[in-house]
Amino acid sequence: MAVLEVRDLHVFYGNIEALKGISLQADAGQIVAILGGNGAGKTTTLRTISGLLRPRSGSITCNGKSLVGLSAHGIVAMGISHVPEGRRIFNVLTVEENLNLGGYLIRSDRAMVQQRKGAIYALFPRLLERRMQLAGTLSGGEQQMLAIGRAIMSDPKVLMLDEPSLGLAPILARSVLRTVREIADRGTTVLLVEQNARQALTIAQRAYVIEVGRIVLEGEASELAKDERVQKAYLGGFEAVSSASPEP
Amino acid sequence: MGPFLQYTVIGLTVGSFYALVALGYTIVYGIIRLINFAQGDLSMVGAFIGWTLLVSLGLEHLPLFLAIVVAFVVPMLGTAIVNLGILQFAYKPLLNRSLLAILITALGMSLVLQNGSELIWGPAIEAYPPNLLPAEGMFLGPVHVTYVQIALVVVSLLLMGGLVAFVQGTTLGTAMRALAVDHDAARLMGINVNQVIRLAFVLGAMLAAASGVMLGLYYVQIQFTMGFLLGLRAFTAAVLGGIGNIPGAMAGGMLIGLLEAYTTGYLSGKWEDVIVFGVLITVLVVKPTGLFGERVAERM
Ligand SMILES: Nc1ncnc2c1ncn2[C@@H]1O[C@H](COP(=O)(O)OP(=O)(O)OP(=O)(O)O)[C@@H](O)[C@H]1O
Ligand SMILES: [Mg+2]
């Protein structure tokens with residue numbers, strides 16, 4: 001059964017229709033990639049699911065329960081966590097405080113907060129070393145680790161990531177995506193927006209391609225990776241690139 | 001040297017009142033970039049609620065400790081409700097509108113509180129029970145300090161310490177600081193932004209009310225207009241310390257209190273406002289982020 005299901009989503013910015021009927025679904029423990037060029041509507045899709053934007057029409061359900069009309073904080077409480085585009089960590093707070101806020105909804109259960117922080121520090125030992133440092137002083141890669149760590153403090157059913165590898169050196173980008181794979185392997189459903197289509201398709205099971213607010217292609221990630229149109233538009237010659245870099 | 005130290009004691013006492021009101025400005029501004037000009041008038045409302053309890057309802061005849069506790073707690077709660085009402089009915093509908101609309105509304109709310117209080121309590125000057133607190137004091141070297149002064153400064157410091165402990169030490173307080181940076185990111189943490197904004201208004205009002213009751217106890221006389229100048233001076237204090245910055249508001253309050261005391265002592269009371277608002281204008285022109293303003297600059 002689909003953990004997250006989006007049907008016929010229409011979203012407007014003023015008079016401009018940014019999403020023109022998006023439908024997608026993600027099953028438990030799956031990584032679902034959303035690909036598309038600049039301005040296609042990927043970020044808009046995620047922001048609508050997490051309640052930061054209101055759709056004009058369409059439905060969004062998590063395990064059968066509707067999310068439309070809930071407040072953003074209510075949607076987090078339903079088990080959906082969103083690592084926004086550009087990370088948006090709280091620069092003036094410490095690493096530890098950022099993680100504490102990730103656990104805002106469970107803040108009265110201190111033991112649980114400690115335990116989850118421990119798990120995140122185990123996943124990202126770099127964060128443990130820097131826990132008392134202001135988040136704004138972290139490197140780009142560390143900031144991305146913090147953004148992901150902060151988002152999984154609430155132990156979400158669905159984790160949405162908006163271009164987590166953007167601006168990272170290839171090695172770091174791969175390591176971030178490997179971590180995403182690990183998180184999914186523990187049972188979390190992942191919705192992954194990526195410009196880095198090649199790598200996204202290697203870790204995802206399903207993928208959707210969005211162009212100007214519409215889904216133009218969808219299917220198994222491995223199938224899409226072979227699709228000629230995808231290769232042309234997003235992979236820049238999939239085979240060539242993949243043989244040039246030793247990706248397992 | 002004697003007079004100087006004496007003025008310093010007075011300055012720190014008055015400064016702690018300004019600091020409390022300035023904190024209200026700063027907490028609210030930090031979260032929603034709103035200058036709640038009603039802040040000083042909230043202090044006045046607190047002073048009148050305290051006066052009603054102590055004088056009209058005769059609490060002054062209760063055991064001193066009990067009377068004082070009630071005279072602080074009830075005005076703090078009452079004023080918090082007033083400030084929540086202002087947020088809900090006046091500011092909330094405007095939060096996504098122009099800054100100017102909110103600014104004018106804030107000035108309007110200041111007038112609403114003044115005129116509302118005039119209707120309820122009348123235009124006359126009222127007096128706190130003058131003999132409620134002991135008038136004695138002690139000499140610290142050449143300086144005479146009354147026990148009341150000591151008590152007021154201690155209570156102010158406790159309130160400020162409590163605020164800092166809350167904001168720095170709890171997850172809810174951390175959420176307040178996070179809101180100063182990024183509302184949407186805060187929402188994605190599961191933070192109910194409106195609830196945290198309400199919390200800021202409650203805290204700001206409680207600090208203002210406490211300062212109002214202290215002003216009543218210290219100066220004895222209160223009137224419905226007293227919040228106006230108090231608010232402006234506290235605003236100056238908040239700007240001086242870098243608006244949005246909590247330690248800055250405290251330091252700014254103390255500095256304005258000292259400045260006022262030295263001016264009155266060495267020049268004349270007539271110069272107080274000239275000097276204080278001269279400082280406001282100078283800070284706005286020379287260093288708009290205030291003395292401790294780095295963090296505001298970071299956020300802008
Ligand atoms: N706040 C906004 N106001 C008006 N239009 C917007 C706003 N945000 C996005 N848009 C428009 O909506 C469309 C979809 O934008 P969106 O940010 O969802 O694209 P994206 O796929 O995430 O692109 P990118 O890969 O560049 O991040 C674009 O045409 C964009 O210009
Ligand atoms: Mg985007």
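The values are calculated or read from the model by the stated rules, or taken from the named source; none is laboratory data. Since we're looking at a predicted model, the values are computed, not measured. As a convention, Cβ positions derive from the backbone with ideal geometry for all residues, glycine included, and neighbour counts pool all protein chains shown. These area figures cover heavy atoms from the full protein model, side chains too; ligands, DNA and RNA do not enter into them. Shrake-Rupley method; radii C 1.70, N 1.55, O 1.52, S 1.80 Å.
Points to keep in mind about this one:
- Applying both filters, DSSP loop and at most 13 other Cβ atoms within 10 Å, to the trypsin sites (Lys or Arg not before Pro) of the stretch A:161-191 gives A:R186.
- Computed from Cα positions, the angle between helix B:147-169 and the longest principal axis of chain B comes to roughly 20 degrees.
- The H on the amide N of A:E211, modeled in the peptide plane, is under 5 Å from the matching H of A:V216, each at least 5 residues off or on a different chain.
- Rounded to whole Hz, the Karplus (6.51, -1.76, 1.60) HN-Hα couplings of the stretch B:123-136, x for glycine and proline: x, 6, 6, 10, 10, 5, x, x, 9, 4, 9, x, 8, 5
- Shielding by other protein chains, B:172-184, mean Cβ within 10 Å: 5
- Rounded to 5, the percent of DSSP beta bridges in the protein assembly as shown classed as antiparallel: 65
- Helical runs assigned H by DSSP (4 residues or longer) give chain A a calculated mean residue ellipticity at 222 nm of -10000 deg cm²/dmol, each run adding -39500 (n - 2.57) before division by the residue total.
- Spatial separation of Cα centroids for the stretch B:199-265 and the stretch B:62-138, in angstrom: 13
- Prolate/oblate/rounded call for the stretch A:89-155, Cα gyration tensor, a/c under 1.5 rounded: prolate
- Kirkwood analysis of the Cα pair distances in chain A returns a hydrodynamic radius of 18.4 Å.
- Calculated over the stretch A:133-202, the projected area of the Cα convex hull averaged across directions stands at 4.8 nm².
- Whole-Å semi-axes of the ellipsoid equivalent to chain B (Cα gyration tensor, √5λ, descending): 30, 23, 18
- Within the straight-line cut-off of under 19 Å between alpha carbons, the lysines reachable from A:K117 are A:K157, sequence neighbours fewer than 8 places apart in one chain being disregarded.
- Rounded to the nearest 100, the interface formed by chains B and A buries 2100 square angstrom of accessible surface, both chains summed, with a 1.4 Å probe.
- Note that the stretch B:199-216 has calculated 3J(HN,Hα) couplings of 4, 4, 5, 5, 4, x, 5, 5, 5, 4, 4, 4, 5, x, 5, 5, 4, x Hz, one per residue in order, obtained from phi through the Karplus relation 6.51 cos²θ - 1.76 cosθ + 1.60 (θ = phi - 60°); glycine and proline are x.
- The eigenvalues of the Cα gyration tensor, multiplied by 5 and square-rooted, give the stretch B:160-300 an equivalent ellipsoid with semi-axes of 31, 19, 12 Å from largest to smallest.
- For GluC sites (Glu not before Pro), the sites in the stretch B:111-142 that DSSP calls loop and that have at most 16 other Cβ atoms within 10 Å are B:E136.
- Amide H contacts of A:G219 (H built 1.01 Å from N, in plane; Pro and chain starts excluded): A:A207 sit under 5 Å, all sequence-distant by 5 or more or on other chains.
- Counted charge near B:V220, where neighbours are those whose Cβ lies closer than 15 Å (Asp, Glu -1; Lys, Arg +1): -2
- Helix-only mean residue ellipticity at 222 nm for chain B, each DSSP H run of n ≥ 4 adding -39500 (n - 2.57), per residue, nearest 500: -23500 deg cm²/dmol
- The alpha carbon gyration tensor of the stretch B:103-197 gives principal lengths a ≥ b ≥ c with a/c of 1.5 or higher and a/b no greater than b/c, which makes the shape oblate.
- Chain B: angle of helix B:246-262 to the longest principal axis, Cα-based, in degrees nearest 10: 30
- Cα-based shape type of the stretch B:77-126, given that a ≥ b ≥ c are square roots of the gyration tensor eigenvalues and the cut on a/c is 1.5: oblate
- Amide H within-cut-off set for B:G137, under 5 Å, with H built and near neighbours excluded: B:Y147
- In the protein assembly as shown, the portion of solvent-accessible area held by carbon and sulfur atoms comes to 63 percent [1.4 Å probe, whole percent, DNA, RNA and ligands not counted].
- Lysines whose Cα lies under 30 Å from that of A:K232, excluding same-chain neighbours fewer than 8 positions away: A:K20, A:K42
- With kT/(6 pi eta Rh) evaluated at 10 °C and eta = 1.306 mPa s, and Rh the Kirkwood radius from Cα pairs, the stretch A:103-247 diffuses with a coefficient of 95 µm²/s according to Stokes-Einstein.
- Share of pairwise Cα separations in the protein assembly as shown, more than 43 Å, in percent: 33
- Centre-to-centre, using Cα atoms only, the stretch A:112-190 and the stretch A:39-109 are separated by 16 Å.
- Computed on the stretch B:46-100, the Cα convex hull volume stands at 80 Å³ per residue.
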